[in-house]
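See below for the structure under consideration.
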Amino acid sequence: LNVMMGAARKAGRGMVRDFGEVEKLQVSMKGTSDFVSSADLKAEKTIRAELSKARPAFGFLLEEGGEVGGDDKSHRWIVDPIDGTTNFLHGIPQFAVSIGLERDGELIAGVVYEPISDSLFHAEKGAGAYLNEWRLRVSARRKLEESVLTTGIPHRGRPGQDVFIKELTAVMQETAGVRRFGSAALDLAYVAAGRCEGYWESGIKPWDIAAGIVLVKESGGYVSDFDGKGDMLATGDIVAANDQLHSKLVSLLRKARG
Ligand code: IPD
């Protein structure tokens with residue numbers, strides 16, 4: 001965890017500098033409305049170098065660099081250097097470094113670092129979740145009508161827009177509010193911190209959610225795919241919520257999707 005936190009902080013320092021001069025960055029498109037900047041690439045290089053220095057044999061799954069095999073087949077870092085690239089490029093300060101660690105296919109540690117607010121969310125399996133030095137607990141609200149949820153809205157060119165409208169309509173009708181922050185890693189961190197009661201999204205990538213999954217579980221929450229199973233990294237579907245609301249949210253979304 002210390003290695004992960006160090007790597008996230010180091011990459012975050014460069015990101016804060018780049019955020020101040022965002023207009024000077026080189027930006028290209030990976031797909032329709034899917035951007036990558038020189039800041040993403042630089043941050044990924046820093047994180048990879050820091051993690052490799054400490055654990056040379058571990059493999060990687062990197063947002064920009066893809067799968068990189070290591071000699072140690074049990075351990076894999078799952079890294080999104082800037083989760084919330086669109087926010088970053090628009091001067092919106094909500095973006096985060098996300099680093100998860102998997103051992104034999106199980107997520108065992110996660111770090112989500114929001115550099116602008118210097119908020120370091122971290123968790124290790126069995127040891128609890130923290131924001132800086134404060135222990136996190138999911139929200140204790142039990143009723144959907146008192147709950148605030150977060151989600152991701154599919155952008156131009158991304159599949160699933162019709163289904164998303166159905167889900168949003170159902171959730172809007174049952175809850176106190178829906179937020180869209182623009183970083184799945186922070187959405188999960190906010191659920192872990194009890195700021196929001198739940199989060200759902202489809203078509204999400206493993207690097208966006210790996211670290212956040214550990215945060216939610218270690219703060220007493222539940223995370224699953226839309227079938228209530230644990231295949232979030234494979235399906236790209238995720239529902240995270242406090243223990244009281246998770247099953248209610250899964251049923252609501254399933255009903256809405258038809
Ligand atoms: C995006 C963010 C966003 C989510 C998108 C992701 P990126 O990640 O997490 O909140 O709605 O699905 O692609 O591209 O900024 O790393």
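Every read-out reported here was derived from the displayed coordinates using simple, explicitly stated rules and does not represent laboratory data. Keep in mind the model is a prediction, meaning the values are calculated, not measured. Cβ placement follows ideal geometry from the backbone for every residue including glycine, while neighbour counts extend to all protein chains displayed.
Longer than 24 Å from Cα to Cα, which of LYS166/LYS229; LYS42/LYS229; LYS30/LYS255; LYS30/LYS205; LYS24/LYS45 are they? Say none if no pair is.
Details: LYS166/LYS229 22 Å; LYS42/LYS229 35 Å; LYS30/LYS255 33 Å; LYS30/LYS205 14 Å; LYS24/LYS45 19 Å.
Cα-Cα > 24 Å for LYS42/LYS229; LYS30/LYS255; rest within.
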Worksheet item: Order of 242-248, 129-135, 119-125 by packing, highest average Cβ count within 10 Å first?
Response: 119-125, 242-248, 129-135
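Quick check for me: using +1 on Lys/Arg Cβ and -1 on Asp/Glu Cβ, what's the dipole size of segment 144-257 about its Cα centre, in debye to the nearest 20? Present the calculation step by step, with values, prior to reporting the outcome.
Values: 13 positive and 15 negative charges, 61 e Å.
I would put it at about 300 debye.
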Practice prompt. Specify which residue in the list PHE121, THR32, HIS90 is farthest towards the positive end of the charge dipole of the chain, using unit charges on the beta carbon of Lys, Arg (+1) and Asp, Glu (-1), about the Cα centre.
Written response: PHE121
Fill in: Cα long-axis angle, helix 38-54 against the chain (0 to 90 degrees, to the nearest 10)
70 degrees
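Roughly what % antiparallel, to the nearest 5, for the DSSP beta bridges in the chain?
Details: 39 of 50 bridges.
Close to 80 percent.
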Worksheet item: So how tilted is helix 161-174 from the main axis of the chain? Cα-based, degrees 0 to 90, rounded to 10.
Response: 60 degrees
Fill in: Kirkwood-type radius of the chain, with distances r between different C-alpha atoms, in Å
18.1 Å
Worksheet item: To the nearest 10 degrees, how steep is helix 246-257 against the longest Cα principal axis of the chain, on a 0 to 90 scale?
Response: 80 degrees
Worksheet item: Quick one: Kirkwood hydrodynamic radius for segment 144-257, alpha-carbon pairs, angstrom, one decimal?
Response: 13.5 Å
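Would you mind computing the Rg to Rh ratio of segment 1-125 from its alpha-carbon coordinates, Kirkwood style for Rh? Each step should come with its number before you reach the end.
Values: Rg = 14.1 Å, Rh = 14.6 Å.
With Rg and the Kirkwood Rh in hand, the quotient comes to 0.97.
Take the Cβ-Cβ distance between GLU67 and ASP34 as r, set R0 to 25 Å, and report the resulting FRET efficiency rounded to the nearest 0.05. Spell out each step's value before the answer.
Details: r = 19 Å, r/R0 = 0.75.
The computed FRET efficiency comes out at 0.85.
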Discussion item. Place a point 7 Å from Cα of VAL22 in the direction of its Cβ. Which residues in segment 88-120 have their backbone N less than 18 Å from it?
Written reply: 88-98, 113-119
Worksheet entry | Only Lys, Arg (+1) and Asp, Glu (-1) charged, at Cβ; the chain dipole about Cα centre in debye | 260 debye
Worksheet item: Over segment 11-65, how many percent of alpha carbon pairs lie in each 5 Å bin up to the one with the longest distance?
Response: 4, 18, 24, 22, 16, 10, 5, 1
